Amino acid sequence: MPPSPFSFSALLLMTPSVRFHALALAFGAAASALAPRFAVAQTPRPSQGTVLSLADALTLARRNNPTLQNAVNARRTAAASVRAANGAFLPNLNTSFGGGYREGRQTFFQGQGFGSTNDQLSTDASASANLSLSVATVNDRRAAKADQEATEADIVAAEQRVRNDVTTQYLAALQQQARAALQDSLVATTALQLQLARARLQVGSVTQLDVQRAEVADGQQRVAALNARNQAAIELVRLFQQIGLAPDLTVRLDPALPPTPSVDLQQILDNARRSNPALGALKAREESARRGVASARGSYFPSLSLQAGVSAFTNRFTNTNQLIAQGQSSAVTARSSCIRSEEVRARVGLSNNLAGCELIAFTPAQEQAIRDSQGKYPFDFTRNPYNLSASFSLPVFNGFRREQQVEQAQVQRRNAENNVRAQELRLSADVTAAYLSYSTAQQTVALQEQNVQTARSALTLAQERYRVGSISIVDLVSARGDYERAETDRITAIYDVQRAFAALENAVGRPLR
């Protein structure tokens with residue numbers, strides 16, 4: 001249940017800090033009761049109706065903000081680059097496995113026929129390894145490590161930007177809720193003034209014009225309160241956008257603001273130079289550029305290449321019977337040739353082995369051997385000789401391309417050095433400006449507190465004088481307007497301090513609380 005409405009006079013009796021938090025709490029309860037509900041589309045997210053503190057909002061943003069998640073994804077790419085740079089010191093391994101089919105038809109070359117007339121299936125496999133080492137390989141690995149460090153610094157910088165954006169929007173939403181609570185309290189004031197004007201009209205101490213002016217003032221104040229509540233809801237929606245979640249207007253914000261400590265300019269400048277992530281990323285990229293120069297100069301040194309490879313094959317003919325027939329035919333031809341030769345030797349009176357020729361025949365064992373040889377396909381490989389090689393190479397002249405690469409690398413290194421120097425100057429200027437704004441905002445709060453006290457006293461006096469008929473409704477409305485402006489300026493000043501401190505943290509690149 002929302003809390004009971006408090007009277008404007010009770011509000012004026014509160015201290016400034018208590019009154020401010022009471023206004024914020026009152027609007028938080030009203031927003032929970034009046035605001036429409038939005039569908040929840042993402043997790044994790046706060047439960048409906050819960051109080052969302054600034055720390056909770058930052059935690060949710062770190063897990064859900066799309067921009068931050070894109071920055072975090074770069075970590076995987078950087079890690080893969082480092083692995084690839086380390087892998088350059090390991091040999092590259094390649095394997096292959098293939099199969100083929102050849103039609104059983106001879107190929108003719110200059111009238112001669114070559115090749116088998118039997119269809120043939122074949123498979124082959126090979127494995128090779130090669131390793132290339134150079135001075136550039138060493139420097140590329142160091143450059144990849146430097147780029148990885150730069151990526152980590154970029155992620156930290158992205159987290160700080162998200163932290164600043166969410167903090168700034170959280171403060172904007174709280175500030176608008178406080179303004180809306182102030183407008184709601186002034187509605188109660190104008191309503192009381194209208195009742196008083198009507199009562200005085202009945203006793204004849206004012207005219208109908210005074211009542212109409214009070215009615216106009218009350219209507220205008222109700223419109224101002226309605227617009228203020230709408231703007232507060234819009235700022236809450238923007239907050240959920242920064243967090244990375246769908247809006248939920250039932251969630252209430254914690255009005256307790258974190259303390260803003262005193263800081264020393266020189267100390268935070270030193271901290272920024274040591275730990276600012278943007279500066280750290282540029283320094284890491286400067287180191288990467290230096291390694292790029294060393295890699296380019298490494299092309300003047302020799303490189304070592306090592307290679308090793310081995311391969312194997314197997315094949316079979318689709319028609320085994322044809323092979324057997326060819327074997328049988330070959331045996332018959334060999335037997336006939338042997339007999340003719342031995343008969344010639346016998347006729348001329350030379351020793352001969354004609355009986356041995358009769359033993360030449362195609363045996364069942366040979367037939368089985370042919371069948372067994374065809375059964376090796378496709379995985380019973382016959383290995384080819386392996387090979388090993390090592391070589392040194394030293395380019396002598398390549399059309400000044402090496403000189404061009406060295407010059408380009410040196411230009412990139414100089415640009416990286418200039419980027420670091422520019423960031424150092426920007427960092428000093430941003431931190432100093434944020435520190436001055438923070439100091440000024442702190443002083444402004446004290447002055448606005450005095451203005452509110454004066455305006456509150458003037459409004460109280462004006463109400464009493466109007467009650468006794470010493471001033472008109474116009475004077476009372478003017479006094480109320482002065483108090484509204486002073487209170488609004490004080491609320492703005494309070495949140496300006498928080499925003500200035502958040503800007504100082506963003507300039508330094510790390511939390512300072």
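No value in this document is a laboratory result; all are computed from the given coordinates. For clarity, every value in this text was computed on a predicted model and none was experimentally measured. Please note: Cβ atoms are built from the backbone with ideal geometry, for glycine as well, and neighbour counts cover all protein chains shown.
In terms of other Cβ atoms within 10 Å, Tyr377, Tyr170 run from fewest to most in the order Tyr377, Tyr170.
With the crude spin-label approximation of a point 7 Å out along Cα→Cβ, what separation in nm comes out for Glu424 versus Ala127? The answer from the label model is 5.5 nm.
Using the rule -39500 (n - 2.57) for each DSSP H run of four or more residues, divided by the residues of the chain, the 222 nm mean residue ellipticity is -23500 deg cm²/dmol. Between Phe313 and Phe301, the modelled labels are 4.3 nm apart [label points 7 Å from Cα along Cα→Cβ].
For Rg and Dmax of the Cα atoms in Å, computed directly from the structure shown, the correct entry in (1) 22.4, 71; (2) 45.7, 170; (3) 26.4, 97 is (2). Using the average count of surrounding beta-carbon atoms within 10 Å as a protection proxy, the listed peptides 173-186, 466-479, 492-505, 340-353 rank, highest first, as 173-186, 492-505, 466-479, 340-353. Among Asp482, Asp154, a tally of other beta-carbon atoms within 10 Å of each Cβ gives an order, fewest to most, of Asp482, Asp154. Cα centroids of region 445-507 and region 121-166: 59 Å apart. Full extension of the segment from Ser472 to Ala80, taken as 0.36 nm per residue of separation minus the current Cα-Cα distance, would add 133.3 nm. Extension gain for Asn387 to Ala55 (0.36 nm times residue separation, less C-alpha to C-alpha distance): 113.0 nm. In this rough spin-label picture, where each label sits 7 Å from Cα along the Cβ direction, the Phe397-Gln374 distance is 6.3 nm. Near the amide H of Leu52, within less than 5 Å, lie the amide hydrogens of Arg252, Leu253, Asp254, all on another chain or at least 5 residues away, with H placed in the peptide plane.
How long is the gain from Gln366 to Arg335 if the chain were fully straight, where each residue apart is worth 0.36 nm and the alpha carbon distance is subtracted?
Taking 0.36 nm per residue and subtracting the Cα distance, the gain is 9.6 nm.
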